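Data first, discussion second: the structure below is written as structure tokens.
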Amino acid sequence: MKIINTIDSLRYELKLKREQKSLVSLVPTMGFLHDGHISLMKKAKEETDTLVVSIFVNPIQFGPNEDLDRYPRDLEGDVKKCLENGVDILFIPNISEIYPKNFQTVISVKEVSKGLCGDSRVGHFDGVATVVCKLFMMVLPDIAFFGKKDYQQLLLIEKMVEDLNIPIKVKGCEIVRELDGLAMSSRNRNLTPKGREIAPNLQKFMKMGVQLYSNGENRASIIISTIKKELENLDFKIDYLEIRDKNLKIVENLSQGDIMFAAVFLDNVRLIDNLEIF
Ligand code: PAF
């Protein structure tokens, strides 16, 4: 595995790989890698020859009162995990490599950035689109892999690729969960032991919502208010809990394939999750 810090060396390495007709994949991450990231790496490794993983905690996707400083980091552990999982190139740029002085371009995917995380994290998706576009331009992978836990982010990247005619295939992969149902996230590390105990209830009560639908209730408002009540009893602070269709259109009367989206705070840690209605 090559560990690379500059765009020039990254391009040089990838040029050599392409000369060998190697199919290239990219798994962009902000580090503190967990089994969710590793499942993306495994998929990427199955489908391509050269796997590039990037680790960059992107400051411009964090708002002023968000957790940039508290975002967990473990570079040594991440390098080990990448080595163990067949990563060919680990790209770890520093901030000036990505945002040199006087950097002034922003990619904004207008409609997909509205609602859900776009409303509660103003500017977040512009930050994501900008950095992912830059990483795409640097690596020019054949396929890029993203997790469906960040469903809105996945749709945003798909739309950006379509709108800007970027010749990259974007693949969304299933959410990976802890045994108790909590969706894997680097932020889970910041939960207190008590918070970690309570956290799986988010998924538990979202599942209860799906069960209500299976039992014949199809009014989104009723299902949402029932789940909210249960979560608030457990000290979750709800940022949003909504049911939308797979294109993120709000639905009033549910049907199969719609998705329940949640963002909550627990111990000041923001957790997101989603669950398809089936
Ligand atoms: O999902 C993430 O970890 C980040 O938003 C991403 C895609 C690596 C961009 O910084």
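The values are calculated or read from the model by the stated rules, or taken from the named source; none is laboratory data. All values reported here derive from a predicted model rather than from experimental measurement. Cβ: placed from backbone, ideal geometry, glycine included. Neighbour counts: every protein chain shown. Calculation scope for accessible area: heavy atoms of the full protein, side chains included, ligands and nucleic acids excluded. Shrake-Rupley method; radii C 1.70, N 1.55, O 1.52, S 1.80 Å.
What the table shows:
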| read-out | value |
| --- | --- |
| So Glu174, is it under 18 Å from Lys148 (Cβ atoms) and among the acidic types (Asp, Glu) | yes |
| Contacts under 8 angstrom Cβ, first residue in the stretch 234-246 being at positive phi, partner open to solvent by 20 Å² or more (accessible area, probe 1.4 Å), 6 or more apart | Asp235/Ile198 |
| Extreme residue, surrounded by the most Cβ atoms within 10 Å (Cβ to Cβ), among residues of the stretch 15-40 that are away from the ligand (no atom under 16 Å from the Cβ) and under 25 Å from the mean Cα position of the chain (by Cα) | Val24 |
| Within the stretch 57-91, considering residues that are over 18 Å from the mean Cα position of the chain (by Cα) and β-branched (Val, Ile, Thr), the one farthest from Thr192 (Cα to Cα) | Ile89 |
| Residues of the stretch 59-88 classified as among the hydrophobic types (A, V, I, L, M, F, W, C) and away from the ligand (no atom under 16 Å from the Cβ), total | 2 |
| Residue that is most open to solvent (accessible area, probe 1.4 Å), among those in the stretch 248-257 that are of a type outside the set (A, V, I, L, M) and touching a residue at least 24 places away in the same chain (Cβ under 8 Å) | Glu252 |
| Test: residue in the stretch 227-247 that is among the β-branched types (Val, Ile, Thr), in contact with a strand residue (DSSP E or B) (Cβ under 6 Å, 6 or more places away or on another chain) and open to solvent by 60 Å² or more (accessible area, probe 1.4 Å) | no |
| From the options Val122, Val106, residue that is in contact with a helix residue (DSSP H, G or I) (Cβ under 8 Å, 6 or more places away or on another chain) and either open to solvent by less than 10 Å² (accessible area, probe 1.4 Å) or more than 11 Å from the ligand (Cβ to nearest atom) (or both) | Val106 |
| Strands (runs of 3 or more DSSP E) contained in the stretch 1-70 and holding at least 3 residues modelled with pLDDT of 95 or more and within 30 Å of Asp119 (Cα to Cα) | 24-29, 50-55 |
| Some residue of the stretch 91-100 being open to solvent by less than 30 Å² (accessible area, probe 1.4 Å), in a strand (DSSP E or B) and within 29 Å of Leu16 (Cα to Cα) | yes |
| Residue pairs meeting the criteria (Cβ under 6 Å; at least 6 apart or on separate chains; first under 15 Å from Arg189 (Cα atoms) and open to solvent by less than 50 Å² (accessible area, probe 1.4 Å), in the stretch 67-89; second among the polar types (S, T, N, Q) and at pLDDT 95 or above) | Pro72/Ser186 |
| Within the stretch 258-278, tally of residues that are open to solvent by 50 Å² or more (accessible area, probe 1.4 Å) and either closer than 20 Å to Gly216 by Cα or among the aliphatic types (A, V, I, L, M) (or both) | 2 |
